[in-house]
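Structure first, commentary second.
The values are calculated or read from the model by the stated rules, or taken from the named source; none is laboratory data. Given the structure is predicted, the values throughout are model-derived calculations rather than measurements. Glycine also receives a Cβ, built like all others from the backbone with ideal geometry; neighbour counts cover every protein chain displayed.
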Amino acid sequence: MARKPPLKILLCAPRGFCAGVVRAVDAVERALALYGPPVYVRHEIVHNKYVVDGLKKKGAVFVRELADVPDTAAPVIFSAHGVPKAVPQEAAARRLLAIDATCPLVTKVHREAEIHFKRGRHVILVGHAGHPEVAGTMGQLPPHAITLIEALGDVDRLSPPDRHNLAYVTQTTLSVDDTREIVEALRARFPSIVGPHKEDICYATTNRQEAVKRVAPMVDALLVVGAPNSSNSQRLREVAERAGCPVTQLVLRAEDIEWPALAAIRTLGLTAGASAPEDLVEEIIDAFAERYEVEVEQISIATEDMFFPLPRELRGEAAE
């Protein structure tokens, strides 16, 4: 039998689930344990089909909008990405048992936007149109009070109502480098613009991008385990490309790997977006081990010990 070629896999750390994702997934599982199925979830709890399908099998029912939820005593959970203000208001009007699993770092951005609005500032949001997190942040304020920009070129086209009374917030899952460029352009054009005390891009996004920057120049190819609709996973692939990695792929499962592009590799970088579970990383390593003599080395740039408690309705004596 022909010997398998050697392959060194450099495993990026941190990778995979962040504290906000752990909290959101745990919230659905805890609600199922406490109340029994069905538990309704507005939008994908996190952007990962494997995770969502696993929760569906346990009795979670995913809906696009609250209008798709029948009049019920069952819990309705809001996803980690956050929701516009109108959504909890509608839930309250319908007397639904609403549980908010919004990541606390997204809630921080919502609060910042509200404070700026109360202080009379027009808010610029840096983010990707159509992403549920952006829809949630925009929905904290009246439409005239917030403007979305997506790219560096949008800064020149801004015509705010009062250029001396501006603030900015950002989506939490953006490219750190792209966002820095946009913020620098905002500050150059509007020197009095007010930013967050601590940047809005979350620790998990930053750490995963830094790990990829470290590993990407050292490997022939880099795979990101994550869903195509996951913003932070897409950014990881872009960061690897920008750091000089010749071949990059975003894959949800081992079956998505494009093997022909990897025919000549001797070193592989591997990471996972913040909504991708570790068992999918292991599945990918197993797929390579079938074809190669695999040696795995972890490259760690930070230790994460962030923890967010479950939503109040799922904690304490009521939830025991």
- Take segment 215-228 and flag every residue that is modelled with pLDDT of 95 or more and surrounded by fewer than 16 Cβ atoms within 10 Å (Cβ to Cβ). Pro217, Met218
- Task: Tell me which residues, restricted to segment 201-250, are assigned to a helix (DSSP H, G or I), touching a residue at least 40 places away in the same chain (Cβ under 8 Å) and charged (D, E, K, R).
- Result: Arg208, Glu210, Arg214, Arg235, Glu238, Arg242
- Identify the single condition in (1) polar (S, T, N, Q); (2) assigned to a loop (DSSP other than H, G, I, E, B); (3) within 19 Å of Tyr203 (Cα to Cα) that Thr107 does not satisfy, given that it satisfies every other one. (2)
- For segment 64-75, does any single residue satisfy the condition of being surrounded by fewer than 23 Cβ atoms within 10 Å (Cβ to Cβ), assigned by TED's automatic domain parsing to the domain that holds Asp26 and closer than 28 Å to Tyr203 by Cβ? no
- Task: Inspect all residues belonging to segment 286-301 and state whether any of them is under 24 Å from the mean Cα position of the chain (by Cα), assigned by TED's automatic domain parsing to the domain that holds Asn207 and of a type in the set (Asp, Glu).
- Result: no
- Query: How do the pairs read when you match residues in segment 43-71 that are at positive phi with residues anywhere that are among the β-branched types (Val, Ile, Thr) and surrounded by 17 or more Cβ atoms within 10 Å (Cβ to Cβ), using Cβ under 9 Å and keeping only pairs 6 or more apart or on different chains?
  - Reply: His43/Val83; Gly59/Val39
- Message: If Leu268 satisfies all but one of (1) modelled with pLDDT of 95 or more; (2) in a loop (DSSP other than H, G, I, E, B); (3) over 19 Å from Pro228 (Cβ atoms), what's the number of the condition it fails?
- Response: (2)
- Can you tell me which residue among Ala91, Ala86 is more than 17 Å from Tyr35 (Cα to Cα), assigned by TED's automatic domain parsing to the domain that holds Ala24 and surrounded by fewer than 20 Cβ atoms within 10 Å (Cβ to Cβ)? Ala86
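Rundown of residues vs (1) buried (at least 20 other Cβ atoms within 10 Å of the Cβ); (2) not assigned by TED's automatic domain parsing to the domain that holds Asp154, yes/no style:
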{"site": "Tyr40", "(1), (2)": "yes, yes"}
{"site": "Ile115", "(1), (2)": "no, no"}
{"site": "Leu125", "(1), (2)": "yes, no"}
{"site": "His128", "(1), (2)": "no, no"}
